Amino acid sequence: MLELDTVTAGYERRAPVFRGASLTVAPGESVGLLGPSGCGKSTLARVAALLHRPDAGRLVLDGTEVRAWRHRAPRELRTAVGVVFQQPRTAADPRLTLAEIIAEPLRATGRRAEADSRVAELAPAVGLTADLLTRRPHEVSDGQLQRACLARALTLSPRWLICDEMTAMLDASTTAALVAAVETYRAETGAGLLAVGHDRVLLNRWCDRTVEWKDCLPPKETR
Amino acid sequence: MNAADPTVLRALAAVTAERAEDAVLSVRDLTVRFRLRGGRSVAAVSDAAFDLGAGECLALVGESGCGKSVLASALLGLLPGNAETSGTALLEGEAGAGPTDLLAADEKTLARTVRGRRVGLVPQSPAGHLTPVRTVRSQLEETVRALTGTPRRARRKAAEDAAERAAFPAGHLDRYPHELSGGLAQRAATALALIGDARLLLADEPTTGLDRELVDRTVDELRRHVDEGRGLLLITHDLAAAARIADRVAVMYAGRIVETAPAHRFFGPAGPRHPYARGLLDALPDRAFTPIPGMPPELSALPEGCAFAPRCPLATDLCATRPEPHAGVACHHPEHPRA
Ligand code: SF4
């Protein structure tokens with residue numbers, strides 16, 4: 001279970017982006033979180049991905065409350081969650097090849113030896129061909145780079161996936177291909193998914209259920 | 001009716017010629033190559049041809065890297081130094097003057113008379129187009145001054161008129177760009193694009209990253225400017241936005257326009273005829289949601305024949321030779337309309 005319980009978060013203590021947001025994803029479930037741009041749903045996605053410490057509230061991952069936050073949660077916990085953002089260009093180190101980008105989480109956890117075999121497994125799963133793996137971000141398209149970013153999110157075989165507007169920049173066919181890659185991974189591993197976005201048609205088609213951002217917040221009077 | 005019938009082809013040619021005559025923009029054989037080190041070259045755009053009339057919206061659709069943004073940059077003379085361009089792109093002349101070939105015009109002409117004046121630019125990210133340290137009013141007035149030479153005392157009114165045309169609320173004119181919502185920033189950028197009263201508007205991915213409601217509002221506003229008699233070239237990967245406002249759709253794949261079709265047929269029950277265009281529509285989440293297998297080819301290593309062949313369910317030996325466009329479709333085995 002991935003539980004966000006009355007979470008308040010933001011970038012300035014006095015002016016949080018949102019207050020008291022709650023959301024639950026059951027194991028193996030896919031939930032779409034729908035909201036307008038600028039509403040705070042991306043900040044919530046960062047909290048759920050253990051990349052942003054909430055100012056208040058609890059985050060419970062598979063029964064364990066996440067504690068010992070610094071700016072982010074401790075690394076051992078973070079490996080349970082894979083995350084893909086909207087902008088592959090800002091999410092990938094421009095100096096690395098696509099193969100190195102995909103293998104980054106293994107290097108960071110001291111498992112460099114597994115890199116080659118894991119990259120060889122993941123590349124076809126996200127539709128990347130061998131000739132693309134030796135290129136750097138400026139030598140590939142946005143769609144190809146986003147495929148690499150999705151593979152990177154899957155490298156450590158996370159139990160949870162957070163996709164924050166993963167396909168907002170992409171054409172229809174690449175969108176369908178990336179969603180299919182996520183769903184294949186989930187079918188194989190039983191991983192749960194939180195997909196954050198603004199496209200209702202897409203989220204309804206993709207996810208088991210779609211929740212509105214405003215329904216994650218406490219009723220107006222108490223805010 | 002058989003599309004290969006000579007009378008039909010003649011009729012189509014006549015329609016095309018008529019379109020070209022009163023076109024705001026008429027593009028023929030537009031080709032862009034980027035020279036790379038080591039003698040390699042990238043075929044970014046090949047033999048693109050289309051006409052855009054007054055009061056018409058043509059949506060140029062395709063995935064990122066298909067060449068559609070390069071095509072737009074070529075029309076504006078904004079390509080990097082290693083680009084080689086050929087073909088013609090005739091922009092209708094003003095007040096009885098002859099047309100200007102945008103591909104042959106020098107930078108001075110493009111900077112002084114074309115960009116922002118005869119071609120209005122609706123930017124991809126309004127944030128990047130607005131100056132952060134100046135209010136919307138001051139930017140509008142500055143653009144009025146630069147583009148129209150309006151005397152100082154009339155500028156305030158001209159700027160307010162421009163804001164009104166783009167449905168930008170007068171009460172927000174004294175705000176800075178960061179104080180605006182995404183939708184208002186897009187309107188402010190559109191107001192700037194409309195100041196020169198250009199007959200041709202060029203919008204490059206104007207809806208990227210916007211919410212669906214905002215997409216709808218943005219394209220509806222663009223449509224209004226089209227209905228006032230402007231021509232709009234809408235470059236987008238957002239098929240829903242294209243379906244909402246386009247009169248015609250041109251689909252680009254690997255640097256070539258592979259199909260041009262009326263929007264009502266393209267998005268309607270008949271559907272497109274080119275297998276790539278069909279695949280693109282079938283990938284939509286409100287349709288089959290199935291991706292086209294594989295990825296587009298490298299523009300630096302295009303095959304001799306049809307560039308879509310490795311991904312195409314209908315490919316035959318014939319497809320090893322390049323299909324020439326015929327009645328709006330460049331395909332050896334175009335599908336028949338579904339309805
Ligand atoms: S020419 Fe052949 S390979 Fe190309 S789209 Fe048509 S049928 Fe497919």
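Just a few scattered comments:
- FRET efficiency, A:Ala120 to B:Lys157 (Cβ-Cβ, R0 56 Å, nearest 0.05): 0.25
- Whole-number D in µm² s⁻¹ for region B:56-149, Kirkwood Cα-pair radius fed into Stokes-Einstein, 37 °C, 0.692 mPa s: 212 µm²/s
- Estimated at 0.36 nm per residue, the fully extended path between B:Glu213 and B:Leu318 surpasses their Cα-Cα distance by 33.3 nm.
- Magnitude of the charge dipole for region A:2-216, about its Cα centre and with charges confined to Cβ atoms of Lys, Arg (+1) and Asp, Glu (-1), is about 720 debye.
- Cα gyration tensor, the protein assembly as shown - rounded (a/c under 1.5), prolate or oblate: oblate
- Shielding by other protein chains, A:195-208, mean Cβ within 10 Å: 3
- Residue with peak Gaussian network fluctuation, chain B [Cα springs, cutoff 10 Å], from B:Gly96, B:Gly305, B:Gly77: B:Gly96
- Per-residue ellipticity at 222 nm, computed for chain B from helices alone with -39500 (n - 2.57) per DSSP H run of at least four residues, works out to -9000 deg cm²/dmol.
- The relative contact order of chain B, computed from alpha carbon pairs under 8 Å that lie at least 6 residues apart in sequence, is 20 percent.
- Of the complete DSSP H runs in chain A, none spans 20 angstrom or more by Cα along the long axis with a mean Kyte-Doolittle score not below 1.0.
- Max mean-square fluctuation residue, GNM over chain B, Cα-Cα springs under 10 Å, options B:Pro275, B:Pro310, B:Pro291: B:Pro291
- Here the Karplus relation 6.51 cos²θ - 1.76 cosθ + 1.60, evaluated at θ = phi - 60°, turns the backbone of region B:45-59 into coupling constants of 9, 10, 6, 6, 9, 6, 10, 10, x, 5, x, 10, 10, 10, 9 Hz, with x for every Gly and Pro.
- Comparing A:Leu98, A:Thr134, A:Gly82 along the charge dipole axis of region A:67-138, the residue lying farthest to the positive side is A:Gly82, per the Cβ-charge model.
- Across every direction, the projection of the convex hull enclosing the Cα atoms of region A:130-176 has a mean area of 4.0 nm².
- Under 19 Å from the A:Arg107 label point (7 Å along Cα→beta-carbon), backbone N, region A:145-162: A:145-157
- Shielding by partners, peptide B:281-288 (average Cβ within 10 angstrom, other chains): 5
- Using only the C-alpha atoms, the convex hull of region A:123-223 corresponds to 130 Å³ per residue.
- Most mobile listed residue (B:Ala193, B:Ala95, B:Ala242) in chain B, GNM with C-alpha springs under 10 Å: B:Ala95
- Between helix B:212-227 and chain B: long-axis angle, C-alpha atoms, 0 to 90°, nearest 10: 80 degrees
- Here the Karplus curve 6.51 cos²θ - 1.76 cosθ + 1.60, taken at θ = phi - 60°, turns the phi angles of region B:133-141 into couplings of 8, 10, 5, 4, 4, 5, 5, 5, 5 Hz, with x standing for Gly and Pro.
- Compared with the dominant Cα axis of chain B, that is its longest principal axis, helix B:6-21 is turned about 20°.
- Dipole in debye (nearest 20) - chain B, about Cα centre, beta carbon charges: Lys, Arg +1; Asp, Glu -1: 780 debye
- Percent of alpha-carbon pairs separated by more than 34 Å within chain B: 27 percent
- Over the residues of chain A, the helix contribution to mean residue ellipticity at 222 nm works out to -10500 deg cm²/dmol, using -39500 (n - 2.57) for each DSSP H run of at least 4.
- Once Rg and the Kirkwood radius are both taken over the C-alpha atoms of region A:1-110, their ratio Rg/Rh works out to 0.98.
- Cα lying deepest toward the dipole's positive end in chain B, options B:Ile195, B:Phe50, B:Thr31, charges on Cβ: B:Ile195
- Most positive-pole-ward Cα, B:Ala154, B:Ser300, B:Val251, against dipole of chain B from beta carbon charges: B:Ala154
- Principal semi-axes in Å for region A:2-216 [√(5λ), Cα gyration tensor, largest first]: 27, 19, 16
- The phi-based Karplus calculation (6.51 cos²θ - 1.76 cosθ + 1.60; θ = phi - 60°) puts the 3J(HN,Hα) values of region B:242-258 at 4, 4, 6, 10, 6, 8, 9, 10, 10, 9, 10, 9, 6, x, 10, 7, 9 Hz, whole numbers, x for Gly and Pro.
- Between helix B:182-194 and chain B: long-axis angle, C-alpha atoms, 0 to 90°, nearest 10: 90 degrees
- Net dipole in debye of the protein assembly as shown [+1 Lys, Arg Cβ; -1 Asp, Glu Cβ; about Cα centre; nearest 20]: 1660 debye
- Applying a DSSP loop filter and a limit of 14 other Cβ atoms within 10 Å to the GluC sites (Glu not before Pro) in region B:55-107 leaves B:Glu94.
- Residues whose placed amide H lies under 5 Å from that of A:Ala195, excluding near-sequence neighbours: A:Val31, A:Gly32, A:Leu33, A:Cys163
FYI, it's all coordinate maths here, none of it is from the lab. Since this is a predicted model, take the numbers as computed values, not measurements. Note that we place each Cβ from the backbone using ideal geometry, even for glycine, and neighbour counts take in every protein chain shown.
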